[in-house]
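Participant: Okay, here's the structure, questions in a sec.
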Amino acid sequence: MLRLFSLLLLTATLASTTLAQSKPDAILGEWLSPKKDSRLLIYQQAGKYFGKITWGTGGPAKDEKNPNPALRNRDLIGLVILNDFQHDGEQTWEGGTIYDPRDGKTYSCKMTLKDASNLSIRGYVGVSLFGRSEVWTKVKGASNQ
């Protein structure tokens, strides 16, 4: 009887742990910026996660603030700004960087899925404590890539 109870307890614990973890591909798809003025497509490539700008209004159409003068004429639409993220087994993707075309700088970054529709993207220098977060919203009807 004790063995059966232990087995049931172990099964329940594993099931609850699995439910608490998100699927690695939960962030795939298109996300709308907090100001609703741009969209970002998050996709997977070679086991890592990336994101590129797919749509935007307002602001420059070119990467004018890039520190490399040779890159200042490239289009922002199609520009990969999220690079090399890995899923941590929970609700977070980390180990990557984010390029901010508004200031031309690249920051360490982590992404946390708040729920199926809200993704917190935090760029920072050094440690996550010193940074800025934005919550992006999943575009309804957007298919996962």
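The values are calculated or read from the model by the stated rules, or taken from the named source; none is laboratory data. Being a predicted model, the structure only gives us computed values, none of them experimental. Virtual Cβ from ideal backbone geometry, glycine too; neighbours counted across all protein chains shown.
Participant: Restricting the first residue to the stretch 30-58 and requiring it to be over 14 Å from Val139 (Cα atoms), which pairs with a second residue that is among the acidic types (Asp, Glu) and surrounded by fewer than 17 Cβ atoms within 10 Å (Cβ to Cβ) meet a Cβ separation below 6 Å and a spacing of at least six or different chains?
Facilitator: Correct list of pairs: Lys48/Asp84; Thr57/Asp37; Gly58/Asp37.
Participant: Another question, if that's okay. Looking only at the stretch 41-77, count how many residues are farther than 20 Å from Gly95 by Cα, surrounded by 17 or more Cβ atoms within 10 Å (Cβ to Cβ) and small (Gly, Ala, Ser).
Facilitator: Matching residues across the stretch 41-77 total 1.
Participant: Can you spot a residue in the stretch 110-120 that is in contact with a Ser or Thr (Cβ under 7 Å, 6 or more places away or on another chain), part of a strand (DSSP E or B), of a type in the set (D, E, K, R) and surrounded by fewer than 14 Cβ atoms within 10 Å (Cβ to Cβ)?
Facilitator: Yes; the residues of the stretch 110-120 include at least one that is in contact with a Ser or Thr (Cβ under 7 Å, 6 or more places away or on another chain), part of a strand (DSSP E or B), of a type in the set (D, E, K, R) and surrounded by fewer than 14 Cβ atoms within 10 Å (Cβ to Cβ).
Participant: Only one of Gly78, Gly59 is in contact with a Leu (Cβ under 9 Å, 6 or more places away or on another chain), part of a loop (DSSP other than H, G, I, E, B) and not charged (D, E, K, R). Can you tell me which?
Facilitator: Numbers: Gly78 fails: in contact with a Leu (Cβ under 9 Å, 6 or more places away or on another chain).
Testing whether each residue is in contact with a Leu (Cβ under 9 Å, 6 or more places away or on another chain), part of a loop (DSSP other than H, G, I, E, B) and not charged (D, E, K, R) leaves just Gly59.
Participant: So for the stretch 79-90 (the condition being over 11 Å from the mean Cα position of the chain (by Cα) and modelled with pLDDT of 95 or more), does at least one residue qualify? Let's see the steps before the verdict.
Facilitator: Taking the stretch 79-90 as the starting set, the residues that turn out to be over 11 Å from the mean Cα position of the chain (by Cα) are 79-80, 88-90.
Now drop any that are not modelled with pLDDT of 95 or more, which leaves 79-80.
Yes, because at least one residue in the stretch 79-90 is over 11 Å from the mean Cα position of the chain (by Cα) and modelled with pLDDT of 95 or more.
Participant: Turning to a different aspect of this structure: Could you list all residues from the stretch 98-128 that are on the phi > 0 side of the Ramachandran plot and at pLDDT below 95? Step through it out loud before you land on a result.
Facilitator: Our first condition is that a residue be on the phi > 0 side of the Ramachandran plot; within the stretch 98-128, this holds for 104, 126.
Within the stretch 98-128, Gly126 is the sole residue that qualifies.
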